[in-house]
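Peer 1: First the structure, then my questions, so here it is.
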Amino acid sequence: MLRAMGYRVVDTRVREGRRKLVAQELGAQAIKLNRFDNEPGQPGREHDERRSRQEEIYLAVAGAGRIVVDGDEVSLEPGVFVLVEPASTRQVVAGPEGLSYVIVGAEIPAP
């Protein structure tokens, strides 16, 4: 990680593994952001964010695939942004050429 006054840089291209904890590596305090690199056809973990109360925005950065939200399939490709509410079940599945995507999340304050 490059650290300079006022900013930090992480290059995910040199990180191993499917999941890259971008915000954590940058030392972000309020923003949650991870990058995932899925092989062709590889599914992500099906889950919801009820306990964390985290809403998430999914966006593809390379390749294509789909996100299944509460049983509905939505195309996930560069230029498409999908917001998923905490209680919804979601699972990302890479297409035939693989899929690299980013998830940006934030906790919804308790009422």
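The values are calculated or read from the model by the stated rules, or taken from the named source; none is laboratory data. Worth saying up front: this structure is predicted, and the values here are computed from it rather than measured. Note that each Cβ is placed from the backbone with ideal geometry, even for glycine, and that neighbours are counted across all protein chains shown.
Peer 1: Restricting to segment 4-17, name every residue that is outside any loop (DSSP other than H, G, I, E, B), among the basic types (Lys, Arg) and touching a helix residue (DSSP H, G or I) at 6+ places or on another chain (Cβ under 9 Å). Write out each step before concluding.
Peer 2: Looking only at segment 4-17, we keep the residues that are outside any loop (DSSP other than H, G, I, E, B), and these are 4, 7-9, 12-14.
Filter once more, keeping what is among the basic types (Lys, Arg): 8, 13.
Arg8 - this is the single residue of segment 4-17 that is outside any loop (DSSP other than H, G, I, E, B), among the basic types (Lys, Arg) and touching a helix residue (DSSP H, G or I) at 6+ places or on another chain (Cβ under 9 Å).
Peer 1: Just to be sure, is Ala87 assigned to a loop (DSSP other than H, G, I, E, B) and either touching a Lys or Arg at 6+ places or on another chain (Cβ under 8 Å) or at pLDDT below 90 (or both)? It would help to see each step written out before you state the result.
Peer 2: On the way: assigned to a loop (DSSP other than H, G, I, E, B): yes; either touching a Lys or Arg at 6+ places or on another chain (Cβ under 8 Å) or at pLDDT below 90 (or both): yes.
Answer is yes for this residue.
Peer 1: Do you know which residues across segment 18-46 are surrounded by 14 or more Cβ atoms within 10 Å (Cβ to Cβ), in a helix (DSSP H, G or I) and either touching a Gly at 6+ places or on another chain (Cβ under 6 Å) or without any contact (Cβ under 8 Å) to a residue 24 or more places away in the chain (or both)?
Peer 2: The one that is surrounded by 14 or more Cβ atoms within 10 Å (Cβ to Cβ), in a helix (DSSP H, G or I) and either touching a Gly at 6+ places or on another chain (Cβ under 6 Å) or without any contact (Cβ under 8 Å) to a residue 24 or more places away in the chain (or both): Ala23.
Peer 1: I need a count of the residues in segment 47-84 that are within 20 Å of Lys20 (Cβ to Cβ), modelled with pLDDT of 95 or more and assigned to a loop (DSSP other than H, G, I, E, B).
Peer 2: Final tally of qualifying residues: 3.
Peer 1: Next up: Taking segment 18-41, which residues are closer than 16 Å to Ala62 by Cα and modelled with pLDDT under 95?
Peer 2: Arg18, Arg19, Lys20
Peer 1: Among the residues of segment 91-102, is there at least one that is touching a residue at least 60 places away in the same chain (Cβ under 8 Å), touching a Phe, Trp or Tyr at 6+ places or on another chain (Cβ under 6 Å), part of a strand (DSSP E or B) and not aromatic (Phe, Trp, Tyr)? Let's see the steps before the verdict.
Peer 2: As a first pass, look at segment 91-102 and keep what is touching a residue at least 60 places away in the same chain (Cβ under 8 Å): 98-102.
Then drop every residue that is not touching a Phe, Trp or Tyr at 6+ places or on another chain (Cβ under 6 Å), which leaves 101.
Filter once more, keeping what is part of a strand (DSSP E or B): 101.
Adding the requirement that they be not aromatic (Phe, Trp, Tyr) leaves none.
No; the residues of segment 91-102 include none that is touching a residue at least 60 places away in the same chain (Cβ under 8 Å), touching a Phe, Trp or Tyr at 6+ places or on another chain (Cβ under 6 Å), part of a strand (DSSP E or B) and not aromatic (Phe, Trp, Tyr).
Peer 1: I need the full set of residues from segment 1-17 which are of a type outside the set (Val, Ile, Thr) and loosely packed, with under 13 Cβ neighbours inside 10 Å, in order please. I'd like the intermediate steps shown before the answer.
Peer 2: Initial filter on segment 1-17 (of a type outside the set (Val, Ile, Thr)): 1-8, 11, 13, 15-17.
Matches in segment 1-17: Met1, Leu2, Arg3, Ala4, Met5, Gly6, Tyr7, Arg8, Asp11, Arg13, Glu16, Gly17.
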